[in-house]
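See structure below.
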Amino acid sequence: MLSWFAKAPFGALAPRFDRAGAGEARAGAPAAERRAQLRVGIPRVLNLWSTHQFWIGFLEALGIEARRIEFSSDTSEEQARRYAKGRGTVDCCYPVKCISGHYGELLANRKRRIDILLSPMIATLPSCLAGHVVASIACPRVMAAPENIKAGFVKERDTFAELGVRYVAPLVNLDDPPLAAKQLYEGLRDAIPGLTAEETRRAVAAGYRALEAYNGALRRKSREVLEWCAREDRPCLLVLARPYHMDPGIGHEIEVDLQAYGYPVLWAQYLPIDEDLLEWMFRPDIEAGWVRSPFDIADVWPSSYSANTNEILWGAKYAARMPWIACVVRLSSYECGMDQPTYSPVQRIVEASGTLFFSFQDLDSTKPAGSVKIRVETIAHYLEKYAAGIIAKKRAASPPGCPLPARDSVGGEAVL
């Protein structure tokens, strides 16, 4: 898998500060120089885990180099103790409460002082399911979290003003590029010198290219994993969770503990969506009239408004149809109101295909090491005992023409 910080290639950008005339170029030069010296801090939280490459590509296109973009570190108890003390705001969502530590860490960095703290309020998210679901809305609590957490830094005195940091939290609909460009221009024009609406539109386009390239690279890697599993007739696991459960302080690296047993781990956010695979897996459902496309989830989740919820339900359908996904692990944070209605539907979809299903619900700040260790050992035991039978059963129920190089169950040869 790519590093969280990896810069995905997205082609040559248009000249960053091209102007219609020489006079305009001279007028814009001082602003460009000031802009190049900015250092932007971004908290590594919530839906930034799935959209970070957009922000890197966007800011780079505006003339702010990647080395001048500061992301906070992973969530941890130490981070909260050092940087969030006295900054907490009332919120039952643990991933939201953690943001205080990320803000505090970015503001406390004396060696690499930031000029802008960019914490976007992401209202809607880009999704591979766009056009096949009702909407791709972010959790309202997650969307509003930046303003909630900001209160802890201005309730007694304005910490941002004291440190000379511009706090920027633009509301942005990332599922609508034209609207996103307008929102980001309105939200950032006072913070980024000389910003124009036109270059904001170009920067937004660059951000989407960066995000698409990064997601595409991870989806290709996931396909390679599935091809290896098919060729070797070996099982893999799928994690169904929200993007921020990739944060070791939120998801507690449960998938890492499982991978230590030798099982490849995939995340639903980066499942391969190649046409040949989807057509093979979902063709029977489409022909039966249950769904209109491989991305349709109306058969199991008609109220498809929430972006991350939609992808979790779709990931469950994918896992049920992919023979070499022998086990699904569901992660959810404590008292997550968006996740609770999905627990039973997701489990039923997965288990109906004979796929193993395990869930770690109500994850909070403390990792119960002993309990997690026992659960992980249990999952590994069941996989060792039942994976081969699960794969065989799911392969037998699959339509012919699998595009993966599956091993022939009789001759032991990899065949298409």
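The values are calculated or read from the model by the stated rules, or taken from the named source; none is laboratory data. No experiment lies behind these values; they were computed from the predicted model shown. All Cβ positions, even for glycine, are placed from backbone atoms using ideal geometry, and neighbour counts span all protein chains on display. Each accessible area value is taken on the protein alone, full model and side chains, heavy atoms only, with ligands, DNA and RNA left out. Shrake-Rupley method; radii C 1.70, N 1.55, O 1.52, S 1.80 Å.
Of note:
- Euclidean distance between Cα centres, segment 336-401 to segment 164-236, Å: 30 Å
- Over the chain, dividing the summed -39,500 (n - 2.57) contributions of all DSSP H runs of at least 4 residues by the number of residues returns a 222 nm mean residue ellipticity of -15000 deg cm²/dmol.
- Taking the three principal axes of the alpha carbon atoms in the chain, the coordinate ranges are 73, 51, 36 Å, sorted in descending order.
- Of all DSSP beta bridges in the chain, antiparallel share, percent nearest 5: 10 percent
- For the set LYS85/LYS155; LYS150/LYS367; LYS111/LYS155, the pairs lying more than 23 angstrom apart at their alpha carbons are LYS150/LYS367; LYS111/LYS155.
- Accessible area of the chain belonging to carbon and sulfur atoms, whole % at 1.4 Å probe: 52 percent
- 1.4 Å probe accessible area per residue over the chain, in Å²: 44 Å²
- Equivalent ellipsoid dimensions for segment 200-318 as semi-axes, Å, which come from the Cα gyration tensor, largest first: 23, 22, 17
- Hydrodynamic radius of segment 326-408 per Kirkwood, over alpha carbon pairs, in Å: 14.9 Å
- Phi to ³J(HN,Hα) by Karplus 6.51 cos²θ - 1.76 cosθ + 1.60 over segment 281-286, Hz, x for Gly, Pro: 6, 9, 4, x, 5, 5
- Length added when fully stretched, ALA369-ARG110, from 0.36 nm per residue minus Cα-Cα: 89.8 nm
- For the chain, a simple Cβ point-charge model (Lys and Arg +1, Asp and Glu -1, everything else neutral) yields a dipole of about 1020 debye relative to the Cα centre.
- Cα-centred dipole magnitude for segment 353-401, charges only on beta-carbon of K, R (+1) and D, E (-1), debye, nearest 20: 240 debye
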